[in-house]
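First up is the structure itself, then whatever we jot down about it.
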Amino acid sequence: MEIELKNISYRKIIKKVNVTIPTSKITCIIGPIGSGKTTLLELIKGIKTPTSGSILIDENQKISFTKQFPEEQFFYKTVREELEKNLKIFNYNEEKINKKIIDSFKMVQMKEELLSKDPLTLKRDDMKKLSLALSLCINPSVLILDEPVSNMNYLDKQNVIKLLKTIKRKYNKTIIIATNDIEFAHLISDYVIAINNGQIILEGDKYKVFKEYDLLKENNISIPKIIEFESIALREKKIKLGYRDEINDLIKDILRKKEV
Amino acid sequence: MTNIVEIKNLNNGDNISDFSLNIKLGSFSTILSSNSIVKDYLIDYLSAKKVPKSYVKICGVFLNSKNIKEIRKHVLILGENPDNFFICNTVLEDINFFLKHNGLSDLEITSKINNFVRDFDVEKILNLSPTLLSCGQKQLIAIFLATSVKTDLLVLDNATTMLDFNTKEKVYDILHKLNKNKTTIINFTNDSEDILKGVEVILLKDNKIIIQTPVKNMLNDVKIFTDNSIRLPFIIELSDKLSYYNIINKSYTDITKLVNDLWK
């Protein structure tokens with residue numbers, strides 16, 4: 001079932017937001033700092049209750065929430081205990097818990113030797129991955145991720161993109177991400193919601209949103225470099241390149257246009 | 001003193017051996033350190049948290065147990081999570097507290113705050129409690145505080161990750177101004193677009209320096225970066241690929257310029 005936000009307001013941060021989040025798709029929420037991205041996620045998860053309006057959501061859906069700073073959600077002495085705590089609600093036997101732990105660890109490509117470490121002594125990238133594993137191990141139908149790749153290097157980012165896309169495709173999960181990293185949003189999203197000052201400026205298919213060069217710039221939202229290039233070519237030189245994800249496709253387009 | 005950071009033959013007996021690094025006084029260096037343990041050591045030494053056995057000289061002072069306080073006077077470190085900058089009831093109190101304790105006069109503080117409000121449009125958050133701020137806003141305030149104080153060496157450890165595009169540009173403008181006024185800046189980052197903002201780029205991998213080069217010469221070493229699975233800034237990657245097809249013959253740093261030269 002879809003998640004529907006009807007006329008949601010929260011203090012002065014979110015102002016009368018109406019939006020439907022598509023099922024089994026990756027939705028990215030983008031916007032400048034202090035625009036209400038995190039608050040919107042917290043409202044969907046139910047950490048904060050809206051001051052007015054309503055959120056429609058299926059009761060049986062399990063929703064996981066991954067925080068921006070992973071260390072805020074660690075409580076136990078070892079990584080294994082952290083994962084066990086999340087799996088407690090299911091009444092699994094020990095063998096199954098073990099299997100689940102190792103599975104979720106494999107999914108995020110962490111080494112098993114880290115299981116016995118103190119989560120707070122892990123490196124930042126590993127902390128991020130662990131918090132993702134904590135979400136994945138309970139097998140939620142909706143994953144909410146707040147800045148999942150901030151501070152990650154390129155390779156890890158690629159892995160997260162691959163992982164989230166696989167989860168979406170294989171298990172039909174709904175994934176909602178708030179991010180500042182516009183290149184990441186461009187690579188991963190199906191649906192994009194752009195917000196500023198607690199109001200939705202644009203929403204829709206990612207190409208539809210990122211094409212609105214001027215409107216996004218006005219609202220302090222950056223544009224993926226590759227689309228910026230195409231937009232500038234169109235605006236300055238009236239050359240239509242088409243909107244591409246890959247730099248190699250862009251090169252082909254440029255070559256084609258040069259020949260003509 | 002020509003080098004602000006000098007490390008010679010650093011060993012930890014485990015996975016770091018004979019690591020040497022020099023960073024010039026007055027430089028603006030970007031350090032790409034994908035999962036490198038040596039980065040943690042660097043941060044520890046720069047903030048004088050640990051004392052090494054080998055030769056480490058920071059701001060012209062040897063790092064040993066006697067000189068820890070001396071080094072800390074010269075260096076300011078800004079991490080990703082800025083929570084420890086906030087202790088007071090409102091943001092404004094925090095700003096006043098921090099700047100006052102770093103020796104700024106009331107007049108200077110007021111003018112700094114006025115400039116800050118004018119540049120970043122933050123008037124409405126100044127009277128809020130710090131707990132109500134979003135992470136990006138906290139990072140912005142922390143950067144403002146760190147850049148308002150006079151220091152010889154400013155180290156940013158992924159300190160701009162939560163900032164949006166426009167704010168980031170303005171922050172880098174401030175950093176460039178500081179750099180012109182003889183503050184050395186070291187920027188640890190994972191975002192390859194940040195490379196273009198600096199003057200020099202250092203790539204660390206497997207606890208070794210793979211390459212240390214000025215950004216303007218980066219195009220000559222594209223292969224070294226891609227071989228180490230570092231993504232190049234978009235415009236450099238595009239320049240590189242277009243020059244491979246002989247469409248352009250120099251590297252660009254500005255998209256509009258490239259578009260103008262492509263279709264004259």
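For the reader, a short list of remarks on this structure follows.
- With N counted as the residues of the stretch B:1-62, its alpha-carbon radius of gyration over 2.2 N^0.38 Å works out to 1.08.
- Average other protein chain Cβ within 10 Å of Cβ, residues A:146-159: 5
- Relative contact order for chain A: 25 percent, from Cα pairs under 8 Å spaced at least 6 residues apart, divided by residue count.
- Residues in the stretch B:199-225 that a label on B:Ser17 would reach, taking backbone N under 16 Å of a point 7 Å out along Cα→Cβ: B:206-209
- In degrees, nearest ten, helix A:225-237 long axis to first principal axis of chain A (Cα): 10
- Inverse of mean 1/r across different Cα pairs in the stretch B:1-159, Kirkwood, Å: 17.4
- Ranked by how many other Cβ atoms sit within 10 Å of their own Cβ, fewest first, the residues A:Arg11, B:Arg231 fall in the order A:Arg11, B:Arg231.
- The stretch A:77-140: translational diffusion in µm²/s, Stokes-Einstein, Kirkwood Rh over Cα pairs, 25 °C, 0.890 mPa s: 212
- Debye intensity ratio in log₁₀ form over the Cα atoms of the stretch B:99-141, taken at each q of 0.25 Å⁻¹: -0.98
- Pairs of lysines in the stretch A:77-140 whose Cα atoms sit within less than 13 Å of one another amount to 8, provided the residues are eight or more positions apart or on different chains.
- Sorting the segments B:42-48, B:81-87, B:13-19, B:118-124 by their residues' average number of neighbouring beta-carbon atoms within 10 angstrom, most packed first, yields B:42-48, B:81-87, B:118-124, B:13-19.
- Across peptide B:129-137, the average count of Cβ atoms from other chains found within 10 Å of a residue's Cβ is 4.
- Footprinting exposure proxy ranking of B:Thr161, A:Thr38, fewest other C-beta atoms within 10 angstrom first, gives A:Thr38, B:Thr161.
- P(r) histogram, all alpha-carbon pairs of the protein assembly as shown included - 10 Å bins from 0, percent: 3, 17, 26, 27, 19, 7, 1, 0
- When the Cα convex hull of the stretch A:34-153 is projected onto planes of every orientation, the mean area is 8.6 nm².
- Here, the stretch A:167-232 yields an orientationally averaged convex hull projection of 4.7 nm² when only Cα atoms define the hull.
Bear in mind these aren't lab numbers, they're just calculated from the coordinates by the rules spelled out. Just so it is clear, the model here is predicted, and its values are computed rather than measured. Quick reminder, even Gly has a Cβ in these numbers, built from the backbone with ideal geometry, and neighbours come from all protein chains shown.
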